[in-house]
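First the structure, in the form of structure tokens, and then the observations on it.
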Amino acid sequence: MSARKVTFSKDQIAGYAEASGDQNPIHLDDDFARSVGLPGVIAHGMLTMAFANQMVTGWLGDRSLLKRLQGRFAGMVVPGDDVTCTGTVASRDEATRRIVINLVVTNQRGEKVFNKGVAEAEFAPQRSTTNAA
């Protein structure tokens with residue numbers, strides 16, 4: 001599964017705040033964020049999760065195949081962070097046509113910002129490569 005790499009920006013975080021309706025000043029105002037002990041504005045956790053989702057659905061090739069995605073936020077993402085989403089197939093069940101993918105998102109320092117991620121998806125049955133006589 002190919003990793004997905006993204007650099008977070010203040011504009012992107014502000015755009016997500018607008019789209020999601022989450023206007024919490026820790027995502028929009030550096031001075032406010034610092035006043036509550038943060039290094040400055042931070043990205044929404046769900047924005048980080050969205051990138052993990054994009055990696056999985058890009059690999060699947062069909063968004064409708066993704067049935068569940070969950071994980072644990074383990075750190076903050078700040079503007080300028082380069083994040084990498086990686087996934088490994090943990091199991092594949094031919095009987096139920098289900099696949100389980102373990103996900104991790106790290107920053108450029110190798111720190112986990114999203115871990116214990118699990119995606120469950122359906123997969124299409126393999127087509128037969130033999131021709132009927």
Report summary line: Looking across segment 76-127 at residues that are acidic (Asp, Glu) and outside any strand (DSSP E or B), the single one that is surrounded by the fewest Cβ atoms within 10 Å (Cβ to Cβ) is GLU94
Requested in this report: For segment 41-52, indicate whether the set of residues that are over 30 Å from ILE101 (Cα atoms), open to solvent by less than 80 Å² (accessible area, probe 1.4 Å) and outside any strand (DSSP E or B) is non-empty.
Outcome: yes
**Report entry** Pair list, Cβ under 8 Å, 6 or more apart: segment 101-121 residue at positive phi, other residue part of a strand (DSSP E or B) and not small (Gly, Ala, Ser)
**Finding:** LYS116/ARG72
Query raised in the report: Is there any pair with a first residue in segment 57-72 that is closer than 11 Å to ILE101 by Cα and of a type in the set (Lys, Arg) and a second that is part of a strand (DSSP E or B) and open to solvent by less than 40 Å² (accessible area, probe 1.4 Å) whose Cβ atoms are under 9 Å apart and which are 6 or more apart or on different chains, and what are they?
Result: ARG68/VAL118; ARG68/ALA119; ARG68/ALA121
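The values are calculated or read from the model by the stated rules, or taken from the named source; none is laboratory data. Predicted model, so just to flag it, every value in this text is computed and none were measured. Positions of Cβ are backbone-derived with ideal geometry, glycine not excepted, and every protein chain shown enters the neighbour counts. In case anyone asks, the SASA skips ligands and DNA or RNA and just uses the protein heavy atoms, side chains included. Shrake-Rupley method; radii C 1.70, N 1.55, O 1.52, S 1.80 Å.
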